[in-house]
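**Q** One structure coming up, written as structure tokens, with questions to follow.
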Amino acid sequence: MSEKRDRTAWIKGGDARCEAPPRGGTRPYRLVLLGAPGVGKGTQAELLCERLGTCHLSTGDIFRAAKSLPEGERSPALEAALGYMRRGDLVPDETVLSMVSERVNCLRCPGGFLLDGFPRTVAQAEALGNLLKREKLALDAVLNYELPLDQVVARISGRRTCSGCKAVFHVTTRPPRAEGVCDHCGAKLYQREDDRPESVRVRLQVYEQSTAPLIGFYRQRGLLISIPAEGTPDAIYQRTLTALR
Ligand code: AMP
């Protein structure tokens, strides 16, 4: 079973620290992944992190981890956030931004970072820009994965997520070695609540309305690299590496 990077500081926030943070050394990449839900950002993030040594910073993973906290340990803002998430709606900017600001150490990670699912609105992108400026850090690129809508829906409906390490599989295009079991940590795979059809419809509308404007936002800043997200995860990954060179 392959080892996954320790992401304790990102997932838990507060004073939590990673036991084995990346040592850096090679060039730290600082990237943002963009694309509609279901284009395969999570899978590309995993492949890229293995290759580039960056840390996978997914805001969705923070919310999913919070779901397993006992109810008394969730703040009212977090409790409300989980409601938005279940419906497939965006969590308010204020909640997301306070979560990310609390984890600013992860942006300073010597191994670099790969933001997945953040920013998702122009207000979040502007706030990220300010945070990075304050830290004297700059993004290397924003990778924008593009896929026709019917393929997006097919990908989401077959997606399965590991209940342990959060690795992402697909029943046809990226099946685990044993059905329903994670290749990395052996935990059970499940279908995310927000991957069900009623939530998927909302998520796609929300993407068009709130997140798609980020394509223009980052193009204007000379950071956007668009990548066709058709084909196998490996083919998309090779395209990504070529685009990054
Ligand atoms: P994801 O795994 O990135 O698709 O995120 C799952 C869900 O978490 C989204 O559908 C939103 O409800 C919520 N979420 C994650 N990241 C953000 C964000 N940056 N802004 C608002 N909501 C978010």
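Every number here is computed from the coordinates shown, using simple stated rules; none is lab data. Just so you know, these numbers come straight off a predicted model, no measurement behind them. Quick reminder, even Gly has a Cβ in these numbers, built from the backbone with ideal geometry, and neighbours come from all protein chains shown.
**Q** Consider Gly158 against the criteria (1) within 15 Å of the ligand (Cβ to nearest atom); (2) out of contact with any helix residue (DSSP H, G or I) (no Cβ under 8 Å at 6 or more places or on another chain): it satisfies all of them except one. Which criterion is unmet?
**A** Here Gly158 meets the rest and fails (1).
**Q** Determine which member of the set Gly158, Gly112, Gly117, Gly129 is touching a His at 6+ places or on another chain (Cβ under 6 Å) and either closer than 22 Å to Val202 by Cα or not polar (S, T, N, Q) (or both).
**A** When all the criteria are applied, what remains is Gly158.
**Q** Looking only at the stretch 164-180, filter to residues that are in contact (Cβ under 8 Å) with a residue 40 or more places away in the chain and of a type in the set (Val, Ile, Thr); which one of those is surrounded by the most Cβ atoms within 10 Å (Cβ to Cβ)?
**A** Here the residue is Val168.
**Q** Find the helices (runs of 4 or more DSSP H) located wholly in the stretch 49-135 whose residues include 1 or more that are away from the ligand (no atom under 12 Å from the Cβ), and list them. Show your work before the answer.
**A** On the way: elements: 59-67, 76-87, 93-102, 104-107, 122-134.
Ranges flagged: 76-87, 93-102, 104-107, 122-134.
**Q** Name the one entry in Val152, Val142 that is in a helix (DSSP H, G or I) and crowded, with 19+ Cβ neighbours inside 10 Å.
**A** Matching residue, one of Val152, Val142: Val152.
**Q** Now for a separate question. Does Cys49 qualify as being crowded, with 23+ Cβ neighbours inside 10 Å and more than 24 Å from Gln191 (Cβ to Cβ)?
**A** So Cys49 does not fit the description; no.
**Q** Can you pull out the residues in the stretch 196-224 that are of a type in the set (A, V, I, L, M, F, W, C), closer than 15 Å to Leu31 by Cβ and either surrounded by fewer than 18 Cβ atoms within 10 Å (Cβ to Cβ) or touching a Pro at 6+ places or on another chain (Cβ under 6 Å) (or both)?
**A** Leu223
**Q** Are any residues in the stretch 181-207 within 19 Å of the chain's Cα centre (by Cα) and free of Cβ contacts under 8 Å to residues at least 12 places away in the same chain, and if so, which ones?
**A** Arg196, Gln205
**Q** Can you pull out every residue in the stretch 107-136 that is in contact (Cβ under 8 Å) with a residue 24 or more places away in the chain and not hydrophobic (A, V, I, L, M, F, W, C)?
**A** Initial filter on the stretch 107-136 (in contact (Cβ under 8 Å) with a residue 24 or more places away in the chain): 107-125, 127-128, 131-132, 135.
Answer for the stretch 107-136, where residues must be in contact (Cβ under 8 Å) with a residue 24 or more places away in the chain and not hydrophobic (A, V, I, L, M, F, W, C): Arg108, Pro110, Gly111, Gly112, Asp116, Gly117, Pro119, Arg120, Thr121, Gln124, Glu135.
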